[in-house]
Amino acid sequence: MTPNKEDYLKTIYKLGGLEKLVSNKQIAEALQISPASVTEMLGKLKREGLIRYEPYKGSSLTEEGMHSAISLVRVHRLWEVFLMRHLGYSWSEAHEDAELLEHITPQRLTNRLDQFLNHPAYCPHGSSIPNPDGQIDLIPMQPLSHLAIGVSSHIRKVTEEKTLLDYLQEKGIVIGGTVRIIEAAAYEGPLTLDMNGERIQISYKAACQIYVEDTKELKYQLNC
Ligand SMILES: [Zn+2]
């Protein structure tokens, strides 16, 4: 499926386009499309007043673009909560179907959904759900791969990508769970974890996509 206008706005938002310029290369990589098609779409978005675009530098969201991006992210994450809580979806299924529903959900339904779910603050993958004004909770986080051996922390968020979500869910990774690295094999080899009292093993690459609480440093992660 080719990404549409809304997918671009969401991508620019997640790459930090509220406060800085996001390059065409970053957008092309995130959406897995050619830089040429990115340039074409950015021209359209600029003409519609949704982004500010500076050739060779990048783009950022205008006020209007920001509102669209935030409502998409908001309804996407609310649907994920609904699908998992009420329809028994898995981590990856919820993300996949929310990706479709976000484009066709009217504002009234978004608000009812939010009410029905009792205003959740996070999606099932740990990403913050912006409130209607776009405000989100920012929690200091670090990748699990950066956690010192023997130190306990809590899992706050995982990157939303289908194969990764299936892998992590099968391994028993849960948001909010207590985690500690017992052993890390040399040369970025697998990590042995204590996950809620159970011993599990995951790849180093996966550990880079799991975020745990970081009380020492402020590193904000916005991607989904
Ligand atoms: Zn999610």
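The values are calculated or read from the model by the stated rules, or taken from the named source; none is laboratory data. Since we're looking at a predicted model, the values are computed, not measured. Glycine also receives a Cβ, built like all others from the backbone with ideal geometry; neighbour counts cover every protein chain displayed.
The single condition among (1) surrounded by 15 or more Cβ atoms within 10 Å (Cβ to Cβ); (2) touching a residue at least 40 places away in the same chain (Cβ under 8 Å) that residue 19 does not satisfy is (1).
Within the option set 75, 81, being touching a Ser or Thr at 6+ places or on another chain (Cβ under 6 Å) and part of a helix (DSSP H, G or I) holds for one residue only, 75. Return yes when residue 120 is in a loop (DSSP other than H, G, I, E, B), under 13 Å from the mean Cα position of the chain (by Cα) and not hydroxyl-bearing (Ser, Thr, Tyr) and no when it is not. No; evaluated as a whole, the condition is false for this residue.
Applying the set (1) within 15 Å of the ligand (Cβ to nearest atom); (2) surrounded by 17 or more Cβ atoms within 10 Å (Cβ to Cβ); (3) at pLDDT 95 or above to residue 50 leaves exactly one unmet item: (1). Among the residues making up the stretch 188-224, those that are of a type in the set (Ser, Thr, Tyr) and modelled with pLDDT under 95 are 215, 220. Scanning the stretch 92-108 for residues that are within 13 Å of the ligand (Cβ to nearest atom) and touching a residue at least 60 places away in the same chain (Cβ under 8 Å) yields a total of 4.
Each row is one residue, and each column tells you yes or no for (1) in a loop (DSSP other than H, G, I, E, B); (2) farther than 24 Å from residue 114 by Cβ; (3) in the same structural domain as residue 124 (by TED's automatic domain parsing).
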{"position": "10", "(1), (2), (3)": "no, no, no"}
{"position": "16", "(1), (2), (3)": "yes, yes, no"}
{"position": "29", "(1), (2), (3)": "no, yes, no"}
{"position": "36", "(1), (2), (3)": "no, yes, no"}
{"position": "41", "(1), (2), (3)": "no, yes, no"}
{"position": "44", "(1), (2), (3)": "no, yes, no"}
{"position": "68", "(1), (2), (3)": "no, no, no"}
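Regarding residue 116, is this residue modelled with pLDDT of 95 or more, in contact with a Phe, Trp or Tyr (Cβ under 8 Å, 6 or more places away or on another chain), away from the ligand (no atom under 13 Å from the Cβ) and not β-branched (Val, Ile, Thr)? Yes, satisfied.
Is the stretch 79-91 home to any residue that is within 16 Å of the ligand (Cβ to nearest atom), surrounded by 15 or more Cβ atoms within 10 Å (Cβ to Cβ), within 19 Å of residue 4 (Cα to Cα) and not small (Gly, Ala, Ser)? No, because not a single residue in the stretch 79-91 is within 16 Å of the ligand (Cβ to nearest atom), surrounded by 15 or more Cβ atoms within 10 Å (Cβ to Cβ), within 19 Å of residue 4 (Cα to Cα) and not small (Gly, Ala, Ser).
Checking each residue in the stretch 49-58 for being part of a loop (DSSP other than H, G, I, E, B) and touching a residue at least 40 places away in the same chain (Cβ under 8 Å) picks out only 50. Scanning the stretch 132-163 for residues that are within 16 Å of the ligand (Cβ to nearest atom), under 19 Å from residue 75 (Cα atoms) and assigned to a loop (DSSP other than H, G, I, E, B) turns up 136, 137, 159, 160, 161.
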